[in-house]
Amino acid sequence: MLPYKISNRHGIAGPHNAYMPTRYDIIHTTVYRYSKPVTFGEHRVMFRPRDSHDLRVLATDLQVSPEAIVRMIQDPHSNSVALVQPIRPATELRLTCSFTIERADVSQDLSLLSSSAEFLPFAYSLQDRLDLEHYLRPHHDDPDGKLIAWAHQFFRHDGPTPTRDLLERMNQHINQHFRYETRDEEGTQTPLQTLALNSGTCRDYALLMMEATRRLGVATRFVSGYLYDVALDANAVQANGGARGGEPTVGAGATHAWLQAYLPGAGWVAYDPTNNLLGGNQLIRVGVARDPAFAAPVSGSWFGDADAYLGLDASVTVTRRAR
């Protein structure tokens, strides 16, 4: 069990402040299907959650069919990555990742932002800027200023704009005014495409907000992972007498994507514009990157007839263990 203690408002930790962490079992299955046997290049699989003060990985397992050589490495962002090389042709590539985590529900108090970052625009310290450089620099062009104009609508016109207020309103606006559409194809829309279409997936929403806030001087990074939804938890449904208790959260049952903004005094704060979530106790992070292209759950290559590819199926189950 994780030895978490949460300080009270005076900063004094005590037994009455201790949190009991919760355990979750997660299974992530990805299946690529082909009409005839094909050979496979190396696949990059990012599935292991990132250990931190609020999350600990207790067990992991990766099953691959056909048989494969698997190597574990850490990428430049310290994400755990499995390099998978299948060793024989097949009509199906199946990757089943399963793991158990222990998670403490630790809320971030945004009222504790450093005074220097309370209002926009603000400047990071020199030391922070050196470490945050790649998260501050926009990665997508905005030749006509459409993206920066869209971002500026969230500034107040009657006085200074609180940093957390702008981020929360942008997060909410994307959730309420854009149309969510699933897309199985790899890749992410550019922010300008998402604005033009007024729709996108979770990764498109995250990238839009990242690029907009970077232009306002806020460091952001892309996060991939999983979303816990009690409505899809078989154990919780059974405990509730079979009642599901509401509609599933958007993005549950599959891999999910959101962003984190670095706010001095609070650290990395999660924003999920797909569901208008802040802080993210429902969010289980796996990988972080400066751009979505570097945090794909699975990427790789195959060799065979161009018309052999039939498609892919992917599913995620997140189950909370009873205490």
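The values are calculated or read from the model by the stated rules, or taken from the named source; none is laboratory data. Quick caveat: nothing in here was measured; it's all calculated off a predicted structure. Because the Cβ atoms are built from the backbone with ideal geometry, glycine has one as well, and the counts that use them run over all protein chains shown.
A few remarks follow.
- Unique match (being closer than 17 Å to Glu185 by Cβ, in a loop (DSSP other than H, G, I, E, B) and either out of contact with any Ser or Thr (no Cβ under 9 Å at 6 or more places or on another chain) or of a type in the set (S, T, N, Q) (or both)) among Ala306, Ala296, Ala322: Ala306
- Number of positions in the stretch 52-101 that are in contact with a His (Cβ under 9 Å, 6 or more places away or on another chain) and under 13 Å from Val298 (Cα atoms): 9
- For the stretch 153-165, the candidate set comprises residues that are loosely packed, with under 14 Cβ neighbours inside 10 Å and not acidic (Asp, Glu); within that set, the residue that is modelled with the lowest pLDDT is His157.
- Filter result (of a type in the set (Asp, Glu) and farther than 20 Å from Ala296 by Cα) within the stretch 17-51: Asp25
- Set Thr188, Thr100, Thr194: member being at negative phi and part of a strand (DSSP E or B): Thr100
- Cβ-Cβ distances below 9 Å connect the following pairs, each with a first residue in the stretch 32-45 that is among the small types (Gly, Ala, Ser), a second residue that is assigned to a strand (DSSP E or B), and a separation of six or more residues or different chains: Ser35/Thr91; Ser35/Tyr309; Ser35/Leu310; Gly41/Gln85; Gly41/Pro86; Gly41/Trp302; Gly41/Phe303.
- Residues considered: Gly267, Gly217. Of these, the only one that is under 22 Å from Ala117 (Cα atoms), modelled with pLDDT of 95 or more and loosely packed, with under 15 Cβ neighbours inside 10 Å is Gly217.
- Just one of the numbered conditions (1) buried (at least 17 other Cβ atoms within 10 Å of the Cβ); (2) free of Cβ contacts under 8 Å to residues at least 60 places away in the same chain; (3) in contact with a Lys or Arg (Cβ under 7 Å, 6 or more places away or on another chain) is not true of Ser199: (1).
- Contacts under 6 angstrom Cβ, first residue in the stretch 301-323 being of a type in the set (D, E, K, R), partner surrounded by fewer than 16 Cβ atoms within 10 Å (Cβ to Cβ), 6 or more apart: Asp313/Val31
- Counting only residues that are farther than 27 Å from Asn281 by Cα and part of a helix (DSSP H, G or I), the stretch 117-158 holds 11 of them.
- Near pairs, Cβ below 6 angstrom, 6+ apart or cross-chain, from the stretch 170-187 (under 14 Å from Asp204 (Cβ atoms)) to any residue that is buried (at least 17 other Cβ atoms within 10 Å of the Cβ) and aliphatic (A, V, I, L, M): Tyr180/Val250
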